[in-house]
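Novice: Got a structure for you, questions after.
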């Protein structure tokens, strides 16, 4: 028996309680139904014992003494009394002290109505204060960042926000200043709390000291309605509640899901809700005529599209996008395009991801497995910029549990400090480096880092306990090199698992549903055939279609007649915007289906308004293959419709019947045609114990339905006080009870070498050159994409991007002081501010994707070899 | 000039080398910065954060806890008058009142010429010389009003330069000689004692397990 399995017994208020070594008394008592009041204690933070609210009587050698329950761990035979006169008097006294300086401005405080200080004062506190002196005063409130306001008078110094910033986010940008009565939270002068995770501090603040700018004075908690949902701003799939007032979303709060986000959200996810009510929403269908926008009705718009489809050959119809949609929408569109029209040229990725075969055909890991792996290999760029909550999970696993990380990247990332070994490679040489990891000779001019140590690290662990996180780090290079490197890693480390680093909303679900060329729903290959599909679909594409880059390239040759752009802002988001611009002008019928106007909608012949997040039901799939539900809280905006409905309607105008009328129908059909989803019924997905989602295939998820932490009103104030349409406030879900039993899935993966599925990389490669820099282009969290720019408060956080260059390169360009540089390549020229980055190899320049508002993507010339740019001082 | 000078930087690295954890050098480095500038400037807190691998906010948080570290500019001489019980009984409050008058400033303020900052102090352990005060942590007392005036005049005239260095200078962080015990030895000793502790715990656990099985 290991330590963690050992059980011990203690007595709380005369009741025997079972617990495990290391557990804190406050948690053990809570499990036994005894709620000890608390402020500083938070189940996801290290105990600190500063607020003293949880004083209880614990029996020791000198009899019962008062001790903080959040700061002592349980021991066998411990005797605890939480409701004695002495304990109550102590709690009374602590509350009186906490309130001594608290302004009691509850009527104008956003926290009023969901405030742990209010609630616990009512339950445990004295009704009167003996304190008559003047309370302390501070200027209130002060903005500690563009998203968070701090009211120091309300603060009770519980240390939650500062512990979160230092321990969880790893950015101690706020701290206590002063001592005793003068103690208050502060940022350093001119260094605001600019963290990607700042909103979490407001979420866990037990008083109204920290409030978020978008929510300030927006609503009163008792007027809010809420529904549980899954965040789709990236592909981690954080569990959250959507809270609304008068058909407008006012905030998101993170739910404590053990498997996924452990109660945290990133600021992009948390504050992205403002885009739902943005002025950029498209109200009704319209045609883009030479004379300008002409509003029209759904029937005229759909009729025009159906006519264009009738006269088009199947191969001349294509679809790009869809990664933001729900699984059901995706399936409907896949069925329409592949199963009715008969084209395979549909791609949910915008040439910024990986070959879908790697994602679909590898053994997949969960986040939990990744954090508990013996070795985690990162080949995914900077996770903090792309999948922020996955970054938090991996960071804390490395810090607290000693997770070993081998990082293979083009430059330093936020996780480089936690990595056991960091290897750098020259763009285009990932595959060589991975070969080198398994013993091949490497040419040192293309690499940096301790390869010997990396080899030793890899050979020291059981390959089956390795997890590889893979994504596309460099948009300016063909995806083939990283794909082959990832495939080589997974093939060589027999039994290792893959965690997808693809970041776009539901892109992993789109791959599972076959919204990529060559695949069909259920991670199956088109060429393998599928009997169930043949029964349900009218037709199947005759050959494997084109990916999004190939679609645009063939459009240049006039081979595309109808192109659907489903939530795809190609001009802003496609890695080669020049190609996108030219191609779109050469397609007779471009159908834009989107909820927000963007730079691409003006290129569309007809635009159809889609409903946005929280305006529709459905399900989504995250990087693990975890299917979880999307909640609907709002009435759809204006004439907008969910995308599945558009597909069904369009089919009807074409004289076809997709065969479903509701999301239930669609999910039913998904279960029939996709072995991957077999056994996962809608009822199972909606079960109380399955709220954090279920990983498909079912046979792969050993813990099929995990029991989510009970919603904790003191850990996350506001999450249960809003009970109108949410779960009951103390819905202690009993594992298994009420959950429909999941049937065993029949999904089995055809094992083959991944590397054999990929093309050979026979491009001519070149190493570092003196004046021809290899271009590395990576994504960042706050970019000029439509999602960020249409959310008012997020858009203010977008800063001009900078370029990075090695110290030697800096010297060679002749820069000193100012780094303003002109980059020239692929016939385009862009001016950027450069800074020195010693982690870059010589001859490399790294730029953020939307640098100079997307101009950077014009520098790409990806087809033949790594993009190169010349640089000169401005 | 508020970042470390070359010479001070050398001393900063010497201090950093003393600690297995760089963060442990935060307070000594704050003293060093204060010795150079008289108080902790924002730039020096940023530099210290860089040196010890933390954030400026954490350096400010740590520094602001301690009364001996000043995050606002102070005079060349920081005069702290004790108003704790022994001095209070001997006229400490009156002495502080007189000091305010003599210097022409309120408690907590600095004279316009940047020479004096006046503070009231809790017990400075100079009770046998009450009412006492300290100037840059050098003790004076017992002091009458006239004695205080004389002290201020002497300080202003520079007569006490050798006794009272400018604010911030602490002999304790000024290391004239190399570290007495080489760092390797400290590390080795640490390792040995850790190993011993490990053995002791293992032995204890073994005995307990044995007892448990009986």
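The values are calculated or read from the model by the stated rules, or taken from the named source; none is laboratory data. If you're wondering where the values come from, they're calculated on a predicted model, not measured in any experiment. Positions of Cβ are generated from backbone atoms using ideal geometry, with glycine treated the same way; all protein chains shown enter the neighbour counts.
Novice: Looking at (1) without any contact (Cβ under 8 Å) to a residue 24 or more places away in the chain; (2) surrounded by fewer than 23 Cβ atoms within 10 Å (Cβ to Cβ); (3) within 12 Å of residue A:719 (Cβ to Cβ), which is the only condition residue A:256 fails?
Specialist: All conditions pass for residue A:256, except number (1).
Novice: Right, something else. Take residue A:146 and tell me if it is part of a loop (DSSP other than H, G, I, E, B) and either closer than 24 Å to residue A:264 by Cβ or within 14 Å of chain B (Cβ to nearest Cβ) (or both).
Specialist: Yes.
Novice: Ok, one more. When the residues of region A:608-633 are filtered to those that are over 20 Å from the mean Cα position of the chain (by Cα) and in a loop (DSSP other than H, G, I, E, B), which remaining residue is farthest from residue A:319 (Cα to Cα)? Walk me through how you get there before you give the answer.
Specialist: First, the residues of region A:608-633 that are over 20 Å from the mean Cα position of the chain (by Cα): A:608-611, A:633.
Still in the running and in a loop (DSSP other than H, G, I, E, B): A:611, A:633.
On the way: A:611: 19, A:633: 29 Å.
Per the stated criteria, the residue is A:633.
Novice: I'd like to know if region A:162-180 contains one or more residues that are away from chain B (no Cβ under 14 Å), touching a strand residue (DSSP E or B) at 6+ places or on another chain (Cβ under 6 Å) and outside any strand (DSSP E or B).
Specialist: The answer is no, given that none of the residues of region A:162-180 is away from chain B (no Cβ under 14 Å), touching a strand residue (DSSP E or B) at 6+ places or on another chain (Cβ under 6 Å) and outside any strand (DSSP E or B).
Novice: Working carefully through the options A:263, A:277, find the one that is under 18 Å from residue A:635 (Cα atoms), within 25 Å of the chain's Cα centre (by Cα), buried (at least 17 other Cβ atoms within 10 Å of the Cβ) and at pLDDT below 95.
Specialist: A:277 is the lone residue from the list that is under 18 Å from residue A:635 (Cα atoms), within 25 Å of the chain's Cα centre (by Cα), buried (at least 17 other Cβ atoms within 10 Å of the Cβ) and at pLDDT below 95.
Novice: Report, ordered by the first and then the second residue, all pairs with beta carbons closer than 8 Å, sequence separation of six or more or different chains, a first member in region A:80-103 that is farther than 18 Å from residue A:133 by Cβ, and a second member that is part of a helix (DSSP H, G or I).
Specialist: A:80/A:25; A:80/A:29; A:81/A:87; A:82/A:29; A:88/A:124; A:91/A:124; A:92/A:124
Novice: Residue check: is residue A:227 more than 14 Å from chain B (Cβ to nearest Cβ) and either at positive phi or in contact with a strand residue (DSSP E or B) (Cβ under 7 Å, 6 or more places away or on another chain) (or both)?
Specialist: Working: more than 14 Å from chain B (Cβ to nearest Cβ): yes; either at positive phi or in contact with a strand residue (DSSP E or B) (Cβ under 7 Å, 6 or more places away or on another chain) (or both): yes.
Yes.
Novice: So, in region B:20-78, of the ones that are in contact (Cβ under 8 Å) with a residue 60 or more places away in the chain and touching a strand residue (DSSP E or B) at 6+ places or on another chain (Cβ under 7 Å), which residue ends up farthest from the other protein chains (Cβ to nearest Cβ)?
Specialist: Out of the qualifying residues, it is B:77.
Novice: Quick check: is even one residue across region A:321-344 crowded, with 23+ Cβ neighbours inside 10 Å, at pLDDT 95 or above and more than 25 Å from residue A:672 (Cβ to Cβ)?
Specialist: no
Novice: Let me ask something else. Does residue B:12 satisfy being more than 15 Å from the chain's Cα centre (by Cα), within 12 Å of chain A (Cβ to nearest Cβ) and not in a loop (DSSP other than H, G, I, E, B)?
Specialist: Considered against the rule, which asks whether it is more than 15 Å from the chain's Cα centre (by Cα), within 12 Å of chain A (Cβ to nearest Cβ) and not in a loop (DSSP other than H, G, I, E, B), residue B:12 comes out as no.
Novice: Among the residues of region A:215-224, is any buried (at least 18 other Cβ atoms within 10 Å of the Cβ), in contact with a helix residue (DSSP H, G or I) (Cβ under 9 Å, 6 or more places away or on another chain), touching a residue at least 24 places away in the same chain (Cβ under 8 Å) and away from chain B (no Cβ under 14 Å)?
Specialist: Yes, there is a match, as at least one residue in region A:215-224 is buried (at least 18 other Cβ atoms within 10 Å of the Cβ), in contact with a helix residue (DSSP H, G or I) (Cβ under 9 Å, 6 or more places away or on another chain), touching a residue at least 24 places away in the same chain (Cβ under 8 Å) and away from chain B (no Cβ under 14 Å).
Novice: Can you tell me which of (1) in a helix (DSSP H, G or I); (2) in the same structural domain as residue A:14 (by TED's automatic domain parsing) is the one residue A:117 doesn't meet?
Specialist: (2)
Novice: For residue A:198, which of the numbered conditions (1) farther than 27 Å from residue A:97 by Cα; (2) within 14 Å of chain B (Cβ to nearest Cβ); (3) touching a strand residue (DSSP E or B) at 6+ places or on another chain (Cβ under 6 Å); (4) surrounded by fewer than 20 Cβ atoms within 10 Å (Cβ to Cβ) fails to hold?
Specialist: Only one criterion in (1) farther than 27 Å from residue A:97 by Cα; (2) within 14 Å of chain B (Cβ to nearest Cβ); (3) touching a strand residue (DSSP E or B) at 6+ places or on another chain (Cβ under 6 Å); (4) surrounded by fewer than 20 Cβ atoms within 10 Å (Cβ to Cβ) is unmet by residue A:198, namely (4).
Novice: Quick check: is even one residue across region A:244-260 under 20 Å from residue A:603 (Cα atoms) and in a strand (DSSP E or B)?
Specialist: Taking region A:244-260 and keeping what is under 20 Å from residue A:603 (Cα atoms), we get none.
Taking every residue of region A:244-260 in turn, none turns out to be under 20 Å from residue A:603 (Cα atoms) and in a strand (DSSP E or B).
Novice: Here's a follow-up. Show me the helices (runs of 4 or more DSSP H) found entirely inside region A:508-607 where at least 1 residues are surrounded by fewer than 24 Cβ atoms within 10 Å (Cβ to Cβ) and free of Cβ contacts under 8 Å to residues at least 40 places away in the same chain.
Specialist: Because the criterion is at least 1 residues that are surrounded by fewer than 24 Cβ atoms within 10 Å (Cβ to Cβ) and free of Cβ contacts under 8 Å to residues at least 40 places away in the same chain, the helices (runs of 4 or more DSSP H) in region A:508-607 that meet it are A:531-536, A:548-556, A:577-584.
Novice: For region A:181-195: of the residues being more than 17 Å from residue A:44 (Cβ to Cβ) and not in a strand (DSSP E or B), which is farthest from the other protein chains (Cβ to nearest Cβ)?
Specialist: Just the residues of region A:181-195 that are more than 17 Å from residue A:44 (Cβ to Cβ), to begin with: A:181-194.
Okay, now just the ones that are also not in a strand (DSSP E or B), so A:181-183, A:189-190, A:192-194.
Values: A:181: 13, A:182: 9, A:183: 9, A:189: 6, A:190: 8, A:192: 10, A:193: 9, A:194: 12 Å.
Checked region A:181-195; the qualifying residue farthest from the other protein chains (Cβ to nearest Cβ) is A:181.
Novice: Report the residue count in region A:794-807 for those that are surrounded by fewer than 19 Cβ atoms within 10 Å (Cβ to Cβ) and either modelled with pLDDT under 90 or within 26 Å of the chain's Cα centre (by Cα) (or both).
Specialist: Qualifying residue count, region A:794-807: 7.
Novice: Report whether or not residue B:128 is part of a loop (DSSP other than H, G, I, E, B) and either surrounded by fewer than 19 Cβ atoms within 10 Å (Cβ to Cβ) or within 14 Å of another protein chain (Cβ to nearest Cβ) (or both).
Specialist: In short, no.
Novice: Answer yes if at least one residue in region B:156-169 is at pLDDT 90 or above and not in a loop (DSSP other than H, G, I, E, B), and no otherwise.
Specialist: Yes, the conditions are met somewhere in region B:156-169.
Novice: Right, next: Can residue B:97 be described as within 14 Å of chain A (Cβ to nearest Cβ) and either crowded, with 18+ Cβ neighbours inside 10 Å or without any contact (Cβ under 8 Å) to a residue 24 or more places away in the chain (or both)?
Specialist: no
Let's see how each residue does on (1) within 21 Å of residue A:397 (Cα to Cα); (2) modelled with pLDDT of 95 or more; (3) surrounded by fewer than 21 Cβ atoms within 10 Å (Cβ to Cβ); (4) not assigned by TED's automatic domain parsing to the domain that holds residue A:396:
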{"residue": "A:147", "(1), (2), (3), (4)": "no, yes, no, yes"}
{"residue": "A:150", "(1), (2), (3), (4)": "no, yes, no, yes"}
{"residue": "A:157", "(1), (2), (3), (4)": "no, yes, yes, yes"}
{"residue": "A:161", "(1), (2), (3), (4)": "yes, yes, no, yes"}
{"residue": "A:174", "(1), (2), (3), (4)": "no, yes, no, yes"}
{"residue": "A:177", "(1), (2), (3), (4)": "no, yes, no, yes"}
{"residue": "A:182", "(1), (2), (3), (4)": "no, no, yes, yes"}
{"residue": "A:187", "(1), (2), (3), (4)": "no, yes, no, yes"}
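Novice: Now, a different point. Within region B:100-115, restricting attention to residues that are touching a helix residue (DSSP H, G or I) at 6+ places or on another chain (Cβ under 8 Å) and surrounded by 14 or more Cβ atoms within 10 Å (Cβ to Cβ), which residue is nearest to the other protein chains (Cβ to nearest Cβ)?
Specialist: B:107
Novice: On to the next question. May I ask you to verify whether residue A:636 is assigned by TED's automatic domain parsing to the domain that holds residue A:307 and modelled with pLDDT under 95?
Specialist: The answer is yes for residue A:636.
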